[in-house]
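A.B. asks: The following block contains the structure, expressed as structure tokens.
Just so it is clear, none of the values below were taken in a lab; they were calculated from the coordinates. No experiment lies behind these values; they were computed from the predicted model shown. Cβ atoms come from the backbone with ideal geometry, glycine included; neighbour counts cover every protein chain shown.
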Amino acid sequence: MEYSIQQLSRLSGVTTRALRWYDKIGLLKPTGRTESGYRLYGPAEVDRLQDILYYRALGVELARVKEILDDPSYDRLAVLRGHLTRLEQEREHIQKLIDSVQETIQTQERDEIMLDEKKFEVFKRKFLEEKERLYGAEIREKYGDAEADTSNARLMSVTLEQFKEYERLEEEILEKLSAAVAAGADPAGEAGEEITALHLRWLTIMGDQYDAQRQRGVAELYVQDKRFTDYYDRERTGCAKFLRDAVLCWAK
């Protein structure tokens, strides 16, 4: 079955303006056109639009979605299974949030005091699950299961102040990296030294013991693993490499 752009818009909930933009950037090209020049979309395009919407729901940028879908090795079934796993994890997290809110309400209704640690446990656990999903395999391969588990346990025991400082440092590093790359700064210069010091504080604030060799090893991952590179380069290309080069220069 083929759909006009209006029909596909009604079917998917995607505006015709967005569909035209997808066509312009090569993300979703119509299968053909009518004699009058109107776009037509077939089954393959419907499936591709569904894939696009799955990735957008997960927060993936359009340029990255196009790169993924255009990859010759793209395995739709495997990707869908991955989406399902991610969504099931998100559902579990939402249920934990619901449980936490319910417990907070019950505590308030009983005029009881809820431990501060308990208030933020669900948020720390979500952060830990995301960290494990993204970096767990590499960390466990490089440092072993025992150390990874110990690090995770330390994370669950950190205070709210430590956790906030961790997030603040992460944002500061990203901002300074973007500014340094935009300015054409030298990783071996003052900006590189400052960012390396911030990076070390960020690595160790949860109680992990990182020496210079380990800091350099972590920084190498930022350019070896595309997931790390995409994270640091999401605002400005070159940030991951700048951080790696700065750490290799200043972590001694």
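A.B. asks: With r as the distance between the Cβ atoms of residue 162 and residue 249 and R0 = 25 Å, compute the FRET efficiency 1/(1 + (r/R0)^6) and round to 0.05.
C.D. replies: Working from the Cβ atoms, E equals 0.35.
A.B. asks: Related question: With viscosity set to 0.692 mPa s and temperature to 37 °C, compute the Stokes-Einstein D of the stretch 211-252, Rh being the Kirkwood radius across alpha carbon pairs; µm²/s, no decimals.
C.D. replies: My calculation gives 327 µm²/s for D.
A.B. asks: Put a dot 7 Å past each Cα toward the Cβ at residue 33 and residue 109; how far apart are the dots in nm?
C.D. replies: Placing both labels 7 Å beyond Cα along the Cβ direction yields 6.3 nm.
A.B. asks: Which parts of the stretch 8-24 would a label at residue 53 reach, counting a residue when its backbone N lies under 17 Å from a point 7 Å out along Cα-to-Cβ?
C.D. replies: 8-23
A.B. asks: Still on this structure: Report the full-extension gain for the segment residue 95 to residue 60: residue separation times 0.36 nm, less the Cα-Cα distance, to one decimal in nm.
C.D. replies: Here the answer is 10.2 nm.
A.B. asks: Distance check, please: which entries in 176/241; 66/226; 29/226 exceed 18 angstrom between their Cα atoms?
C.D. replies: The pairs that break the limit, which is 18 Å between Cα atoms, are 29/226.
A.B. asks: Are there GluC sites (Glu not before Pro) in the stretch 163-252 that DSSP marks as loop and that have at most 16 other Cβ atoms within 10 Å, and which are they?
C.D. replies: 235
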